[in-house]
């Protein structure tokens with residue numbers, strides 16, 4: 001029963017809470033799960049200390065949540081640390097989620113939220129959840145905020161199996177893993193998170209040790225997107241998979257804000273397959289790919305970001321296999337609107353130290369076109385072309401000119417052929433507009449085609 005003491009102070013009634021109003025703490029129950037089950041719809045305090053788990057903590061009551069400075073240690077590598085399903089207004093704050101020593105190589109996310117609404121995830125520390133899925137994974141959620149979290153060491157050695165996809169038709173050894181992954185989500189905010197990978201870096205020694213890129217199996221017929229050289233070599237070079245942040249499920253995911261995050265040592269910094277997206281104020285440091293938007297991404301604002309020590313491209317836009325033209329109704333089936341990559345603004349971004357990242361040894365060979373800005377054609381012949389892009393106020397800075405000099409001239413040449421590459425293949429981009437940019441030229445100039 002809640003009691004209060006009332007007294008008058010200067011004519012104003014002041015009510016002092018008694019001990020019955022103290023927060024409910026999980027320390028008063030046999031387990032965190034028992035505390036949640038006994039207090040549906042309440043926020044529960046998790047005191048400092050380690051809590052060993054063999055099953056995920058399951059939250060399925062709306063209004064429930066956990067906060068405090070406890071460390072949740074999952075000993076079972078095949079289950080999440082926390083699983084939230086079908087609930088509204090859940091909050092998680094300040095906790096540490098990790099795996100027990102020897103169980104860091106996991107198959108599941110640390111935090112998995114499915115079909116939730118009004119979810120708030122704030123100031124979590126997620127360490128050593130090394131899994132092919134996201135350390136924090138959101139699926140089918142609406143009105144979700146993930147803020148001020150620290151995610152460290154989320155990558156693992158895995159097999160990327162593409163044998164069921166006729167565009168590829170093979171499986172290969174790879175590094176895989178994503179810091180924050182969201183699919184089929186609407187109204188999503190990812191802000192001020194730090195996502196850093198220090199465990200697995202793309203070194204020649206790691207490649208050799210785990211035979212990264214080598215096919216583990218392949219179909220009898222080569223996939224349509226596979227180069228003949230790779231097929232004959234029995235391996236591929238894109239064995240560093242995963243992203244710091246990945247927001248996917250084109251035609252289902254929209255209204256996304258990716259704001260002021262710091263992403264370091266990722267394969268891809270930010271991967272977007274969604275509509276109505278704002279990517280602003282982010283730092284992407286040391287990735288083979290800074291960010292890309294494709295597979296029918298529409299109306300993406302990419303502004304005020306910095307991309308540092310990126311090797312293949314810093315900002316890339318292109319159609320993908322999920323892009324498609326409008327499909328009319330036929331045989332009793334309703335038609336589908338086109339899923340196009342169009343209507344973007346790229347403004348006020350700074351790209352520096354291009355070609356000085358960990359992945360330079362993989363990509364900086366003649367057959368690869370390493371370029372700060374890349375605007376490409378689609379993967380399939382029927383992909384609608386990338387179109388209607390404004391590019392303004394951006395800086396590509398050739399760091400080599402500030403390194404050691406002889407007679408006032410830089411000794412190092414730019415580590416890119418062009419600052420801007422625009423595909424000239426069939427289905428090439430259209431409606432690109434450039435203004436007020438400062439692009440230091442690459443070894444072959446500012447752009448492979450005249451910029452409008």
When you check residue 112 against the structure, is it crowded, with 23+ Cβ neighbours inside 10 Å, in contact (Cβ under 8 Å) with a residue 12 or more places away in the chain and not in a loop (DSSP other than H, G, I, E, B), yes or no? no
Among strands (runs of 3 or more DSSP E) completely within the stretch 257-297, the ones holding 3 or more residues that are farther than 21 Å from residue 319 by Cα and in contact with a strand residue (DSSP E or B) (Cβ under 9 Å, 6 or more places away or on another chain) are 262-264, 283-293
Residues of the stretch 189-213 being over 30 Å from residue 254 (Cβ atoms) and out of contact with any helix residue (DSSP H, G or I) (no Cβ under 9 Å at 6 or more places or on another chain), in sequence order, are 198, 199, 201, 205, 206, 208, 209, 210, 211
Would you check if there is a residue in the stretch 35-56 being assigned to a helix (DSSP H, G or I), crowded, with 17+ Cβ neighbours inside 10 Å and more than 26 Å from the chain's Cα centre (by Cα)?
-> yes
Scanning the stretch 311-352 for residues that are assigned to a loop (DSSP other than H, G, I, E, B) and without any contact (Cβ under 8 Å) to a residue 12 or more places away in the chain, the one nearest to residue 397 (Cα to Cα) turns out to be 337
Scanning the stretch 412-448 residue by residue, those out of contact with any helix residue (DSSP H, G or I) (no Cβ under 8 Å at 6 or more places or on another chain), in a loop (DSSP other than H, G, I, E, B) and loosely packed, with under 15 Cβ neighbours inside 10 Å turn out to be 424, 425, 426, 436, 443, 444
| Taking the stated definitions as given, is residue 140 under 14 Å from the mean Cα position of the chain (by Cα) and touching a residue at least 24 places away in the same chain (Cβ under 8 Å)? | no
Among 382, 402, the single one that is under 27 Å from residue 226 (Cα atoms), at pLDDT below 90 and either surrounded by fewer than 19 Cβ atoms within 10 Å (Cβ to Cβ) or under 29 Å from the mean Cα position of the chain (by Cα) (or both) is 382
Taking first residues from the stretch 236-248 that are at positive phi and surrounded by fewer than 22 Cβ atoms within 10 Å (Cβ to Cβ) and second residues anywhere that are at pLDDT 95 or above and outside any strand (DSSP E or B), the pairs with Cβ under 6 Å that are 6 or more apart or on different chains are none
*asked:* For the structure I just gave you, tell me whether residue 97 is buried (at least 21 other Cβ atoms within 10 Å of the Cβ), touching a strand residue (DSSP E or B) at 6+ places or on another chain (Cβ under 8 Å) and part of a strand (DSSP E or B).
replied: yes
In the set 258, 278, 263, 308, the lone residue that is surrounded by fewer than 24 Cβ atoms within 10 Å (Cβ to Cβ), farther than 26 Å from residue 446 by Cβ, within 21 Å of the chain's Cα centre (by Cα) and touching a residue at least 12 places away in the same chain (Cβ under 8 Å) is 278
Matching residues in the stretch 81-92 (within 21 Å of the chain's Cα centre (by Cα) and without any contact (Cβ under 8 Å) to a residue 40 or more places away in the chain) number 4
Note on the stretch 240-255: residues in a loop (DSSP other than H, G, I, E, B), farther than 15 Å from residue 269 by Cα and in contact with a strand residue (DSSP E or B) (Cβ under 7 Å, 6 or more places away or on another chain) are 249, 250, 251, 253
Open item on the list: Against the definition (out of contact with any helix residue (DSSP H, G or I) (no Cβ under 8 Å at 6 or more places or on another chain), farther than 23 Å from residue 92 by Cβ and in contact (Cβ under 8 Å) with a residue 12 or more places away in the chain), how does residue 174 come out, yes or no?
Closed with: yes
Picking from 73, 26, the residue that is at pLDDT 95 or above, within 14 Å of residue 96 (Cα to Cα) and surrounded by 17 or more Cβ atoms within 10 Å (Cβ to Cβ) would be 73
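The values are calculated or read from the model by the stated rules, or taken from the named source; none is laboratory data. Since we're looking at a predicted model, the values are computed, not measured. Reconstructed Cβ throughout: ideal geometry from the backbone, glycine too, with neighbour counts over all protein chains shown.
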